[in-house]
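Bear in mind that the values in this text are calculations on the coordinates, not laboratory data. All figures in this text were calculated on a predicted structure; none of them were measured in a lab. Cβ coordinates were reconstructed from backbone atoms using ideal geometry, including for glycine residues, and neighbour counts include every protein chain displayed.
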There are 2 protein chains.
Amino acid sequence: VIVPLEWRNGSLRFLDQTKLPFEELYIETDEAGVVAEAIKRLAIRGAPLIGIAAAYAVALAGCALQEDDLGIVRERLSRTVDLLASTRPTAVNLFWALKRQQRVCSEWQGNSIDDLRERLIGEARAIHREDAEMCEAISSFGVKLLPSPASLLTHCNTGSLATGGRGTAAGIITKAWELGRLTHVYIDETRPLLQGARLTAWEMKKRNIPATLIVDSTAAFLMQQRKIDAVIVGADRIAMNGDVANKIGTYALAVSAHYHGIPFYVAAPVSTIDARAESGRAIPIEERSRTEVTEVQDRKIAMPEIGVYSPAFDVTPNQLISAVITDRGVARSPFSESFQRLHIGVTRVDEN
Amino acid sequence: VIVPLEWRNGSLRFLDQTKLPFEELYIETDEAGVVAEAIKRLAIRGAPLIGIAAAYAVALAGCALQEDDLGIVRERLSRTVDLLASTRPTAVNLFWALKRQQRVCSEWQGNSIDDLRERLIGEARAIHREDAEMCEAISSFGVKLLPSPASLLTHCNTGSLATGGRGTAAGIITKAWELGRLTHVYIDETRPLLQGARLTAWEMKKRNIPATLIVDSTAAFLMQQRKIDAVIVGADRIAMNGDVANKIGTYALAVSAHYHGIPFYVAAPVSTIDARAESGRAIPIEERSRTEVTEVQDRKIAMPEIGVYSPAFDVTPNQLISAVITDRGVARSPFSESFQRLHIGVTRVDEN
């Protein structure tokens, strides 16, 4: 139903997510620069989707090549890769996808340019397809963990708009709905950037899933009223001990879920698990712009001079997490052992 | 410093709070109807301040009287009281203040109209003064409970803009600052209506208190980082067992404070304690308009068709509350006994 990115015979069609939920504007382009710009201004967002878009953008650059000269071709593609890498410097999947396209380039030995073109398109399609499969795997593992039928609570946007498939946490929710195992989903609006209100609410409505939007601070009150059977969120980065960095507000949800005895699940691909981070303490906390707090959709809500603390994410310690649902299976405490059994620990998140 | 309401020789001057924090617009009027309208559109807000404004509005109506006829005078004032009572039907202090002015009317025996006028003005001034004294008493009791120096977290607006004095929870914070016992205050923006971002941030800045604004879901993360020594909030209504109904988000804060072993204080006048409510279960939960969630300052942030749950407040059970700080002293668990010792339980909140 929801196709945020589509390869169309030499061009890329994408949904401009900055216009959601009020307008479904699709942009079709054959220029890598337009894609880079779209990533920069959050028209394309969500770590996995950014990686996929970047891979397609390199393919677009390949399609634009006329030269057969090995040096010129490599230099042009390398410039495109640099341009894309500069869009969102902290997005892990972006670098990983670009690295895969770089490998395609360096393996190409200067034979027909059509061949290179096909390989770049093929690699981008593979990245896209693998991400969709990853979403399916996570959703299948996740849905089995849930009580049935379940009323769920989620945070931020982790669905089709953020990935190449049905999503991670939101993928489990939509899968549960399709299997008749979901009664309701409550959506945190997710201040400051309102990804829940703008994007997840739109996705759930699109799929006709019974959904209710709340301000973030209502979540604990819903739990008190026994209206939530489980909480499911995504992850930005997971340490080897199971500590999870995710969108600000995740930790508050985990504390509340713990207090109310409600399971708290994290859904993420194994590529999110950072073998270099022993614990959450190794994960840096990115601080965002003050205007994300003092303004809402360009409307000022507080004096510009007031002090602001705006961390992009927080760290939830492993003891508050019931399970981490990956595309390779479900990990539980003690997570380091559980990850080992799933052969996780080889993947290095930020080896670039 | 901050004077949201002032009686000026036959007229009332008030700050239009809907314009804050971007404009300090004062309106001066000698018409009770203008005050009623201001209460209705939230230009004057905060339960205690609404009561004070209503009392002054009846005094304004008294000043406008020309007649000496007992019947006509009583009928005119009674119509003004009805108009004011219709503005915010759930505001307890409003009815209590109007009742005091009605008593002045009924005690007046038809002697000089100047005499009635003076009595109505006098009663309004008394209500105003008593509220300021109540704030001072709460602040004095509260500041003694705090560690020194303390970094505090608060929610919503409970300061000079909401009361006739320095405020309840915010009164304790400003008092602590004056006494050199405060290092910092963190302010929850308080979605949906953003009273923290719009009003409390403005008040703290006005008083040069080091303050930091956060989105509500950041509070738990600050506690995890040991940046909060105590949480102080106000109350909309308190049950006899110490359960507290207050602005949505209060319960989530209390759960987080409990998890982190941080004291959680509620500051409110004894008039907030409802002798009819045995526990929080007896307190009705008011649901607010869906647009308060789907719009921010008239800017749409979500699809209008999405389901919304928007309770105005939540109920925090007594076991999460370290103390209730009243103008008569500090109550602790078991609250019913503690309230009795403070001679609380006679006051009936909604006896009207």
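Pairs to check: B:Lys40/B:Lys175; A:Lys40/B:Lys205; A:Lys205/A:Lys300; B:Lys175/B:Lys206; B:Lys205/B:Lys227. Give those whose C-alpha atoms are more than 23 Å from each other in this structure. Violating the 23 Å Cα-Cα cut-off are B:Lys40/B:Lys175; A:Lys40/B:Lys205; A:Lys205/A:Lys300. Sparse packing (at most 10 other Cβ atoms within 10 Å of the Cβ) combined with a DSSP loop state is found for the following trypsin sites (Lys or Arg not before Pro) in the range A:1-43: A:Arg8.
Set against the 2.2 N^0.38 Å expectation for a compact globular protein, the range A:244-329 has a Cα radius of gyration ratio of 1.33. Calculation over all alpha carbon pairs of the range A:222-286 in 5 angstrom steps from 0 returns a P(r) of 4, 17, 27, 21, 16, 9, 5, 1, 0 percent. Taking the alpha carbon gyration tensor of the range A:179-277, multiplying each eigenvalue by 5 and rooting it gives semi-axes of 23, 17, 14 Å, largest first. Label point of A:Glu118 (7 Å along Cα→beta-carbon): distances to the other copies' equivalent points are 10.4 nm, sorted ascending. Across the identical copies, the 7 Å label point of A:Ile27, projected outward along Cα→Cβ, sits 4.4 nm from its counterparts, in ascending order.
Remark: relative contact order (chain A) = 14 percent; criterion is Cα-Cα distance under 8 angstrom and separation of 6 or more residues. In straight-distance terms, cross-link reach from A:Lys144 covers every one of the aspartates and glutamates whose alpha-carbon lies under 15 Å from its own, apart from those fewer than eight places away in the same chain; here that gives A:Glu136, A:Glu178, A:Asp229, A:Asp327. When the convex hull of its Cα atoms is viewed from all sides, the protein assembly as shown shows a mean projected area of 32.4 nm².
For A:Asn9, inter-copy separations between label points set 7 Å beyond Cα along the Cβ vector come to 8.5 nm, shortest first. If R0 is 25 Å, the Cβ-Cβ spacing of B:Glu75 and B:Thr29 corresponds to a FRET efficiency of close to 0.65. Over all Cα atoms in the range A:145-230, the spread is summed up by Rg and Dmax: 11.9, 36 Å.
Loop-located GluC sites (Glu not before Pro) in the range B:275-352 (DSSP state not H, G, I, E or B) with no more than 16 neighbouring Cβ atoms inside 10 Å: B:Glu278, B:Glu286, B:Glu305, B:Glu351.
Considering only alpha-carbon pairs that sit under 8 angstrom and 6 or more positions apart, the relative contact order computed for the range B:73-142 is 26 percent. Set the Cα radius of gyration of chain B against 2.2 N^0.38 Å, with N its number of residues, and you get 1.00. Once you reduce the range A:20-48 and the range A:118-189 to the center of their Cα atoms, the two points are 21 Å from each other.
Over the protein assembly as shown, dividing the summed -39,500 (n - 2.57) contributions of all DSSP H runs of at least 4 residues by the number of residues returns a 222 nm mean residue ellipticity of -12000 deg cm²/dmol. For the range B:236-283, what is the relative contact order in percent, using Cα pairs closer than 8 Å and at least 6 residues apart in sequence? After rounding, I find 61 percent.
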